[in-house]
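The values are calculated or read from the model by the stated rules, or taken from the named source; none is laboratory data. Every value quoted in this text rests on a predicted model; they were computed, and no experiment measured them. Note that each Cβ is placed from the backbone with ideal geometry, even for glycine, and that neighbours are counted across all protein chains shown. For the accessible areas, the whole protein counts, side chains as well, though only heavy atoms, and no ligand, DNA or RNA atoms are used. Shrake-Rupley method; radii C 1.70, N 1.55, O 1.52, S 1.80 Å.
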Amino acid sequence: MRGVSKIPLMKNDFGGWAQHYASIPYDHYRLEIYQLFIDILIHLKSHARVMDVGAGPGNLSYEYFKRYPDGNCQFVLLDASRELLKVAAARFELRPGQVKTFVRSYNADDWDKGLGNFDAIVSNNSLFHLHPQNLTGFYTTCYRRLKKNGILLNQQAFGYESENNPSAADPFSAFVQTLPHCILPQGPEPTTQRDLRRLNAKKKAAGNVRKEAMDRARTSGVEIADATEHQYLTAEKHLEHMRQAGFSAGTIWQKRDFAVLMGASGSGKSTLLN
């Protein structure tokens with residue numbers, strides 16, 4: 001029946017978003033972002049161990065095994081939502097040795113405890129939930145958990161000069177917002193003008209909430225870097241913290257305000273295959 005989710009109703013364990021994340025189509029990521037991630041992962045050494053941070057229902061690993069059913073990658077899926085990881089566990093019940101799930105929040109202390117080391121750490125459309133004050137610690141932990149010559153991949157929406165502040169109009173952000181919505185990585189379907197107006201109104205409202213929270217923090221003497229409000233930090237800020245943690249880092253893909261950042265750890269002979 002049209003409009004009825006194939007995913008059983010979930011408990012409200014992630015601010016009401018678990019049902020949404022498990023049920024929505026993800027062609028926009030499947031056709032581009034996941035393929036980019038997989039293309040990179042298959043060049044890692046054999047039997048690569050991969051941690052997916054904010055893995056949700058396990059879409060990336062699902063696409064990996066669909067493309068490479070005999071692939072040797074081992075995935076560790078982390079998410080703050082127990083319900084989403086239940087979906088992931090059900091999808092991979094025939095691969096118990098290759099996919100494991102852990103309920104963890106990367107905003108918590110010791111979120112990486114007991115997980116071991118990895119050849120790659122990946123994250124798709126999740127790290128905008130990372131609290132600003134945890135940025136340094138998160139990337140330092142990732143660097144520590146990566147094996148020699150390991151890689152980190154992160155795709156998300158980023159702010160730029162205006163830092164997603166709706167009252168500040170910088171040239172880059174202004175131009176990005178004029179680009180056609182059809183090239184948005186998460187919007188392959190034609191969108192009506194009415195839907196676009198609603199979407200823009202929601203974005204502006206969300207931006208105003210962040211701005212108000214930032215203003216309250218400043219008024220109370222709290223540095224923005226220490227505020228707990230989620231915000232889209234700039235790609236440059238993420239890269240800065242990645243490099244401080246020890247990564248060689250840069251941007252390898254971008255559309256509108258969405259980008260993939262990659263960090264490489266270690267030195268010496270590469271583990272990548274020729």
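Would you calculate the separation in nanometres between label points at Ile24 and Asn117, each defined as 7 Å from the Cα along the Cα-to-beta-carbon direction?
Going by the 7 Å Cα→Cβ label model, 3.7 nm.
Can you pull the accessible area of Ile24 for me, 1.4 Å probe, Å² to the nearest 10?
70 Å²
Over region 32-123, with every protein chain in place, what whole percent of the accessible area is carbon and sulfur at 1.4 Å, could you tell me?
Of all accessible area on region 32-123, carbon and sulfur atoms account for 48 percent.
Can you classify region 1-148 as rounded, prolate or oblate using the Cα gyration tensor, where a ≥ b ≥ c are the square roots of its eigenvalues, rounded means a/c under 1.5, and otherwise it's prolate if a/b beats b/c and oblate if not?
oblate
Quick check for you: which residues of region 241-258 have the amide N under 18 Å from the point 7 Å beyond the Cα of His43 toward its beta carbon?
Inside the label zone: 248-254.
Over 21 Å between Cα atoms, which of Lys66/Lys100; Lys45/Lys255; Lys45/Lys86; Lys45/Lys237; Lys147/Lys237; Lys45/Lys147 qualify?
The answer is Lys45/Lys255; Lys45/Lys86; Lys45/Lys237; Lys147/Lys237.
Given a cut-off of under 8 Å on Cα pairs at least six residues apart, what relative contact order in percent is computed for region 33-159?
Relative contact order of region 33-159: 26 percent.
Amide H neighbours of Phe118 under 5 Å, counting only residues 5+ apart in sequence or on other chains, H built in-plane at 1.01 Å?
Leu146, Lys147
Once you have the Cα-Cα distance between Glu93 and Thr136, take 0.36 nm times their residue separation minus that, and quote the gain in nm to one decimal.
So the chain would gain 12.0 nm between Glu93 and Thr136.
Using the Kirkwood radius built from alpha carbon pairs, what does the Stokes-Einstein equation give as D for region 66-156 at 37 °C and 0.692 mPa s, in µm² per second?
230 µm²/s
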